[in-house]
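Written below as structure tokens is the structure these notes are about.
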Amino acid sequence: MKTRSSDVQVAANRGGKRKAPEGDEHGRGKRRSVKSDEPKSSPQIDRRLAPKRTILRGIHGCVSPRCSASTHRSSFSWYEQDAWTYISRFLDGKSLVMLGATSKWFNKMVMEDDAIWRFACLRDLRVPKLYPASSSWIKIYASAFDGRSHSYLFHQQEKHIGQSLNLIHVPLKLLHLADDTVSTDWMRIGAFTLDSGVSLLTEKLSSPLRVPREGTIERMLESSGGCIVKDIKSGIWIADLQLVRCPVCDLSTCDGTMQTLDARHVELFLNEGYKNGTWEYNLIASHKLQKDAVAACGAIFDLKHLKSSSSGILNLKSWTGAPDDSQPKAMIAPHAVALHTRLQENEGIIVKYQTMKAGTDGDIVSIRISQQLL
């Protein structure tokens, strides 16, 4: 039996002979570990001179770095306020109210966020510029788009003819319906802005537009058919077309009507002084045209933006219709509003200018220009 040189060396170091390994019954040698009290000696290898081993790695899948607990985001929530605030920009007032009625969370988010209603109000009024408001925007929106609010609803309801058909966002014309149908008595024209506090009121839409000189309103009307009005409250104004009974008589059978361009500050209906009748319209001037009038016209211009606003309004062919079209037409501009109605043969018209102030010394918050056939 051969012996390993290492075993022989160990035995020699101990000074004895090495015992042969025991065998089993089949004659196989049984290996036995030999322990040594001395550490094995190994040659010192300079690792700098040892050959470098090349380690081949297997193919592994990409493992993304794990998020810590501090960076972990919860799953999507249906009640993300920023998302619903953005969605609300595409809803009208009725849809916003319906959304707010679905739950307490939506009611708080929609009905208490004034920015949502401010955006909706400016969008639906088509007014790009924001003006400061003393009332909440949800109340302003309701007063402008409830489908029935106009100045004659609060006062002088008996002046209206027929049954009111409140038209919001309709083409800028008033339909004369057949005799067996219900006639309309008012129409929403649109919204515009007054910045400077000084406006030109005129009954003539001829080009070029004449700006009257300083003087009394009566003299201005006689010389140029228009007048300058100061101390007008700046901000957003809403314009309506009103068709009311002739003020000459109070008979319900009278067929006489008077056309009125009715413009008001957007917050007028929210003031207590207007609702309780403390604020009243005052006649500032009247002007008679005692000859056949071709058309009944009325316009309100912001004097600061007169040049830019008049260019489109004075182009009558673009918005007044055909020469034989007697239906009232209206034109809205960013800083002006105008009304034009062709008339049949007549003996002239009387034009009245009325204004309403917010109290005795307050600014003008409403303007009316009326035309009545003589």
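Structural remarks
- Any hit, the range 271-280, residues being open to solvent by 30 Å² or more (accessible area, probe 1.4 Å), farther than 20 Å from ILE232 by Cβ and within 28 Å of the chain's Cα centre (by Cα): yes
- Test for ALA322: is it hydrophobic (A, V, I, L, M, F, W, C) and part of a loop (DSSP other than H, G, I, E, B): yes
- Boolean, LEU283 is open to solvent by 60 Å² or more (accessible area, probe 1.4 Å) and among the hydrophobic types (A, V, I, L, M, F, W, C): yes
- Condition broken by GLY226, with the remaining ones in (1) open to solvent by less than 20 Å² (accessible area, probe 1.4 Å); (2) touching a residue at least 40 places away in the same chain (Cβ under 8 Å); (3) of a type in the set (Gly, Ala, Ser) satisfied: (2)
- Comparison of ALA330, ALA338 shows that the only residue that is modelled with pLDDT of 90 or more, open to solvent by less than 60 Å² (accessible area, probe 1.4 Å) and in contact with a helix residue (DSSP H, G or I) (Cβ under 8 Å, 6 or more places away or on another chain) is ALA338.
- Here ARG245 passes the criteria (1) of a type outside the set (A, V, I, L, M); (2) under 16 Å from ALA299 (Cβ atoms); (3) at pLDDT below 90 except the one numbered (2).
- Tally of residues being aromatic (Phe, Trp, Tyr) and out of contact with any helix residue (DSSP H, G or I) (no Cβ under 8 Å at 6 or more places or on another chain) across the range 82-121: 3
- From the list ILE284, ILE364, the one residue that fits, being under 17 Å from LEU201 (Cβ atoms), touching an Asp or Glu at 6+ places or on another chain (Cβ under 8 Å) and in contact (Cβ under 8 Å) with a residue 24 or more places away in the chain, is ILE364.
- Options ALA295, ALA263: the member that is surrounded by 23 or more Cβ atoms within 10 Å (Cβ to Cβ) and within 20 Å of THR320 (Cβ to Cβ): ALA263
- Selection from the range 264-283 of residues that are in a loop (DSSP other than H, G, I, E, B) and under 11 Å from ILE364 (Cβ atoms): TRP279
- Whichever residue in the range 345-374 is under 29 Å from the mean Cα position of the chain (by Cα) and of a type in the set (Gly, Ala, Ser) and, among such residues, is least open to solvent (accessible area, probe 1.4 Å): SER366
- Among the candidates PHE145, PHE76, PHE119, the residue that is modelled with pLDDT under 90 and under 24 Å from HIS265 (Cα atoms) is uniquely PHE145.
The values are calculated or read from the model by the stated rules, or taken from the named source; none is laboratory data. Nothing here was measured: the structure is a model prediction, and the numbers come from that model. So basically every Cβ, Gly included, is an ideal-geometry build from the backbone, and we count neighbours across all protein chains shown. With ligands, DNA and RNA removed, areas are computed over all heavy atoms of the protein, side chains included. Shrake-Rupley method; radii C 1.70, N 1.55, O 1.52, S 1.80 Å.
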